[in-house]
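*Asks:* Have a look at this one.
The values are calculated or read from the model by the stated rules, or taken from the named source; none is laboratory data. Bear in mind the structure is a predicted one, so any value in this text is a computation, not a measurement. Every residue, glycine as well, gets a Cβ built from its backbone with ideal geometry; the counts of neighbours run over all protein chains shown.
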Amino acid sequence: MDDRRRLHPVLIGGILLVLITGFFRYSGWDREPGPDGTGSIRKVAISGSFDYHQGPMSASLKLIEETSDSTTYHLTLKDSLKPADTISAFYSHPRNGPPAPLVILFPALGGKTGGLPYFTTYLKRKGFACLRLERKEKILIASRGLEHIREAIHREVVQASRLIDWAGTRQEVDTTRVAVLGISMGALTASLAAATEERIGSAVLILGGGDLPRILLDSEKGTIRSFRTTLMRQNGWSRRELLTRARQTLREVDPLYYASGLDPDRTMMVEAVFDKVIPAASRYVLWSRAGRPPRILLPLGHLSTIFLAPYIRWKVFRFLRSSLLPSPARTGPTRAKAMAGPPSSIPSP
C-alpha cells in the first residue's frame, strides 16, 4: 500500500508533464508557399499613418545601476520643437563587447512594468541593449473616448521610432539589428511597430492579438469591462454600436490591418490557451494574417503565464539570438514606401 501511495504523485506528475509538453509546441510551419515556393512573406504596401516629425531631440540620461557587465539609465527624450512630446524609457546595455543588438519593450495596458524588467535583466546579461518604454498616461479613459485610445497607441508606436533614432547615435548599439517585445497591450503596439517600421527586423508578441474593437467588446479584464460599460452608458450605445464605432475610430491603429507587414520568419508569438483577456478569435486572426509565424501555446490563463516565466524568457532569448543575426537589409513594407493606407475591408460586427 505504501508503495502505491508513493507511485501516485509520480503518475500524476508524469501525466501533467505529458499534457503540458503537448501544449509547448510551435505551430506555423505549415505556411502556404510564397511566390518563390519557400513559404516566404508576401510583402504589401501598408499605411504611412505612423510617419512622424524627425526634428532634433535632447537626451538626458540618469544613471540607475552599474555592474561589471552592464549599465542601466533612465532616459528622457524631449523634442526641441515640441517640448510636450517627451519620451521616457529605461536604457540598459552591456559594458563590453561589440555594438549590441537592440530590443525595445512595450508596457502592458496599465502602463506598469508587467514583468518587462524580468526580460531586460536577463537580456542585457546576454549581450542585448534594451529600451523599456514608459507610458505616463492610461490608454483607457472613458471620458476621453475611443479617440484617446487611437492617439495613445499612435504616439507609442512613433515613440519606438524616436528611440531607434536616438539609439543610432550610441556607439554601443547596433541599430541594424532591432527587435520589439511586448506583453498583452504591449504586444499590440509592438506588432504595429514591427509591421510599419523598416528598421525593426524581429518581433516577440506575448499574450497579444488583433481586431482591437473585438478585444474591447469581449475581453473579461476588469479594466476593459469597466471602460466598455462606462462608454456605452455615457453615449447610449448598444454593444453593436460600440463595435461599429470602434471599427471606424480605431482602424488606423488596429494590428489586424498591418499584420501582413510582419515577417513570419522573424516573429514569435506566445499565447495562453485559456486567456480571457485577449479573446481566442483575436489571437487567431492576428496569427493567421501575419502568415502563421511560430507560436507557443501555453495551457494557462492570461495572468497565470507568470508561472512559466523562466521558460518563456528562455524561448524569447533563443529566438532573439537567432533572428537578430546580421542579415541583408529588410525589403518589406516600410513607412517610406507605405502609402496605400489600411485595407478598406473591415471585419463584420
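Here is a yes/no grid of residues against (1) within 16 Å of ARG266 (Cβ to Cβ); (2) without any contact (Cβ under 8 Å) to a residue 24 or more places away in the chain:
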position: HIS154; (1), (2): no, no
position: VAL157; (1), (2): no, no
position: GLY168; (1), (2): no, yes
position: VAL173; (1), (2): no, no
position: ALA179; (1), (2): yes, no
position: THR196; (1), (2): yes, no
position: ARG199; (1), (2): yes, no
position: PRO213; (1), (2): no, no
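*Asks:* Another one. How do the strands (runs of 3 or more DSSP E) wholly within segment 9-99 filter down when requiring 1 or more residues that are at pLDDT below 90 and among the β-branched types (Val, Ile, Thr): which remain?
*Replies:* In segment 9-99, the matching strands (runs of 3 or more DSSP E) lie at 86-94.
*Asks:* Cβ-Cβ under 7 Å, sequence separation 6+ or interchain: first residue in segment 231-250 and under 10 Å from LEU146 (Cα atoms) and free of Cβ contacts under 8 Å to residues at least 24 places away in the same chain, partner part of a helix (DSSP H, G or I) and charged (D, E, K, R). Which pairs?
*Replies:* none
*Asks:* Evaluate the following for ILE104: is it closer than 21 Å to PRO310 by Cα, of a type in the set (Val, Ile, Thr) and not in a helix (DSSP H, G or I)?
*Replies:* Yes: the conditions hold for ILE104.
*Asks:* Is it the case that some residue within segment 220-235 is in contact with a Pro (Cβ under 7 Å, 6 or more places away or on another chain) and either in a helix (DSSP H, G or I) or crowded, with 24+ Cβ neighbours inside 10 Å (or both)?
*Replies:* No, because not a single residue in segment 220-235 is in contact with a Pro (Cβ under 7 Å, 6 or more places away or on another chain) and either in a helix (DSSP H, G or I) or crowded, with 24+ Cβ neighbours inside 10 Å (or both).
*Asks:* Here is a further query. Among the listed residues VAL277, VAL316, identify the single one that is crowded, with 19+ Cβ neighbours inside 10 Å and closer than 28 Å to GLU198 by Cβ.
*Replies:* Going through VAL277, VAL316 in turn, just one is crowded, with 19+ Cβ neighbours inside 10 Å and closer than 28 Å to GLU198 by Cβ: VAL316.
*Asks:* Could you list, in sequence order, the residues of segment 109-137 that are in a loop (DSSP other than H, G, I, E, B) and modelled with pLDDT under 90?
*Replies:* Listed by number, the residues that qualify are LEU109, GLY110, GLY111, LYS112, THR113, GLY114, GLY115, ARG135, LYS136, GLU137.
*Asks:* Condition check: over 18 Å from LEU75 (Cα atoms) and part of a helix (DSSP H, G or I). Does GLU156 satisfy that?
*Replies:* Considered against the rule, which asks whether it is over 18 Å from LEU75 (Cα atoms) and part of a helix (DSSP H, G or I), GLU156 comes out as no.
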